[in-house]
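K.L.:
Quick one: this structure, given as structure tokens, is what I'll be asking you about.
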Amino acid sequence: MDSLTHIAIGACLGEAMAGKKLGKRAILYGALLHSLPDIDVMCVLWMSTPESLLAHRGFTHSFLFVVLITPVLAWLAQRWNRSKPVTYKKWIVMTAILLLAHLFVDATNAYGVAWWEPFSHNRVIWNWTYVFDPMYSLWLILAMIVLLFLRKNHPGRRIWVKIGLGISTVYLLTCGLIKYKIDSDVRSILKKQQVAYSDYFTTPAPMNNLLWFVVAANDSGYHIGYRSLFDLKKKMDFHFIPRNEKLLKPWQQDEDVHRLKRFSKGFYAASLRGDTVILSDLRFGQMMGWKDNAAPFVFYYYVQYPKSNRYVMQRGRFKGWDRETLLSLLRRMAGK
């Protein structure tokens, strides 16, 4: 999830677990502790872009990290709050819940998390949610803002915590059910339309959970389409994008290219932009692909010019968006 959503989740959890004992300080501690795993974004300062992509949501998002860091953070928190009636055991429980909640929420979108590092590099990727979904984040952010202004003993604090955590949690679980329905429909459609594939994935289109981006892979490339929860016809319009592995032949021994392929979980495609080879990760979708089949992917890498990729890999996710773009997204979400 995005940083603001993580801050809001942590703030609401902190208030729920320790608001009565710590006051508004619980909001601060909750936001900080829940956001801590994302400290790994700093690795971009000394790693190449492909290395940092694999490092992000790596060890600091693992269960081992939670086990190792929780006692230390709990001890520090207790020392800094000696005047507060919160035991070390309580700090342990709070810290562990805040960190584990981060690991769980991040597993719901396309980037995934390395729960089992350093024992396994495999990432948990559920593809339930878009990285920023207003319908999930809005309630948490609103609750956090209200909690910052309500006085410590105001009876409404508990109500707003329930609103923020309750509605967002129900929505998140609903996303999982929608994912199950979309996957079931897609498998049925692929079989009915005799689309040969070895693997596939579905992931939400930008900022919603009703329209889904679908990619079915075979040996030579990918069948790509979109499926709305409200689509009535048991069929899909697919277009084919070749993998173009031959374009990457000059970089067969390049470590960064190998890292990018690993990061993409095998869902990558090469293309030419002028005389420049582009390596795209399909898992993060297209720029307004529901409007234009030929739309470029938002996540791409200039193979010949590694320095041009510094700090930036997702380019133009909302480039060119206007009122008509938003309306077209809403129409497609509605199954039209």
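K.L.:
I'd like the per residue volume of the convex hull spanned by the Cα atoms of the chain, given in cubic angstrom. All intermediate terms of the calculation are to be shown ahead of the outcome.
P.N.:
Details: hull volume 49.6 nm³, N = 336.
Enclosed volume per residue, from the Cα hull, is 147 Å³.
K.L.:
With the alpha-carbon atoms as the only input, what is the per residue convex hull volume for segment 74-115 in Å³? All intermediate terms of the calculation are to be shown ahead of the outcome.
P.N.:
Details: hull volume 3.2 nm³, N = 42.
Convex hull of Cα atoms, per residue: 75 Å³.
K.L.:
Now for a separate question. Could you work out the relative contact order of the chain? I mean the mean sequence separation of Cα pairs under 8 Å and 6+ apart, divided by the number of residues, in percent. Walk me through the numbers before you get to the answer.
P.N.:
Numbers: 540 pairs, mean separation 44.0, N = 336.
About 13 percent, as a whole number.
K.L.:
Now for a different question. How large is the helix-only mean residue ellipticity at 222 nm for the chain, computed as the sum of -39500 (n - 2.57) over DSSP H runs with n ≥ 4, divided by its residue count, in deg cm²/dmol to the nearest 500?
P.N.:
Details: 9 runs with 148 residues, N = 336.
The helix contribution divided over the chain gives -14500 deg cm²/dmol.
K.L.:
Could you tell me what fraction of 2.2 N^0.38 Å the Cα radius of gyration of segment 124-262 comes to, as a two-decimal ratio? Don't jump to the answer; show the numbers that get you there.
P.N.:
Numbers: Rg = 20.8 Å, N = 139, 2.2 N^0.38 = 14.3 Å.
Cα Rg divided by the expected 2.2 N^0.38 Å: 1.45.
K.L.:
Using DSSP H assignments, which helices in the chain have an axial alpha-carbon span of 24 Å or above and a mean Kyte-Doolittle hydropathy of -1.0 or higher? Working shown, then result.
P.N.:
Working: long enough: 3-22 (26 Å, 0.74); 63-80 (25 Å, 1.63); 88-106 (27 Å, 1.24); 156-192 (53 Å, 0.33).
Counting only whole DSSP H runs, the qualifying helices are 3-22, 63-80, 88-106, 156-192.
K.L.:
Holding the Cα-Cα limit at 25 Å, pick out from 90/162; 24/89; 20/89; 181/246; 235/336 the pairs that are longer than that.
P.N.:
On the way: 90/162 21 Å; 24/89 21 Å; 20/89 17 Å; 181/246 36 Å; 235/336 14 Å.
Pairs exceeding 25 Å: 181/246.
K.L.:
Just for the Cα atoms in segment 39-119, what are the lengths along the principal axes, largest first, rounded to whole Å?
P.N.:
46, 27, 21
K.L.:
Grab the eigenvalues of the alpha-carbon gyration tensor for segment 215-336, scale each by 5, take roots, and send me the semi-axes largest first in whole angstrom. Let's see the in-between values first.
P.N.:
On the way: eigenvalues 163, 61, 24 Å².
After diagonalising the Cα gyration tensor, the semi-axes are 29, 17, 11 Å.
K.L.:
Can you list the HN-Hα couplings for segment 202-209, worked out from phi with the Karplus curve (6.51, -1.76, 1.60; θ = phi - 60°), rounded to whole Hz and with x for Gly and Pro?
P.N.:
Here the 3J(HN,Hα) series is 10, 8, x, 6, x, 6, 7, 10 Hz.
K.L.:
Straight-line reach from residue 234: which aspartates and glutamates have Cα under 14 Å away, leaving out those fewer than 8 places along the same chain?
P.N.:
Within the straight-line cut-off, residue 234 pairs with 183, 185.
K.L.:
Only Lys, Arg, Asp and Glu count, each charged at its Cβ (+1, +1, -1, -1), so figure out the dipole size of the chain about its Cα centre, rounded to 20 debye. Provide the component values of the computation, followed by the final result.
P.N.:
On the way: 44 positive and 23 negative charges, 262 e Å.
Charge dipole of the chain: 1260 debye, to the nearest 20.
K.L.:
Among 324, 15, which comes first, second and so on when ranked by fewest other beta-carbon atoms within 10 Å? Walk me through the numbers on the way to the answer.
P.N.:
Details: 324 9, 15 28.
With the fewest neighbours first, 324, 15 line up as 324, 15.
K.L.:
Take the alpha carbon atoms of segment 215-281, find their center, do the same for segment 83-155, and report the distance between the two centers in whole angstrom.
P.N.:
Result: 32 Å between the Cα centres.
K.L.:
Take 158, 332 and order them by how many other Cβ atoms sit within 10 Å, fewest up front. It would help to have the intermediate numbers written out before the result.
P.N.:
Details: 158 13, 332 20.
By the 10 Å Cβ count, ascending: 158, 332.
K.L.:
Once you order the gyration tensor axes a ≥ b ≥ c over the Cα atoms, which shape class does segment 135-175 get: rounded for a/c under 1.5, otherwise prolate or oblate by comparing a/b with b/c? Can you show the working numbers first?
P.N.:
Numbers: a/c = 5.09, a/b = 2.19, b/c = 2.33.
Since a/c reaches 1.5 but b/c is at least a/b, the shape of segment 135-175 is classed as oblate.
K.L.:
Principal axes first, then extents: for the Cα atoms of segment 198-276, list largest minus smallest coordinate on each axis, whole Å, largest first.
P.N.:
Over segment 198-276, Cα extents along the principal axes are 46, 28, 21 Å.
K.L.:
Same structure again: What order do you get for 322, 254, 133 when you list them from fewest to most C-beta neighbours inside 10 Å? Don't skip to the answer; put the middle values down first.
P.N.:
On the way: 322 8, 254 14, 133 24.
Ascending Cβ contact count within 10 Å gives the list 322, 254, 133.
None of the figures in this text is laboratory data; all of them are computed from the coordinates on show. Please read all numbers here as calculations on a predicted model, not as lab measurements. Backbone-built Cβ (ideal geometry, glycine too); neighbour counts: all protein chains shown.
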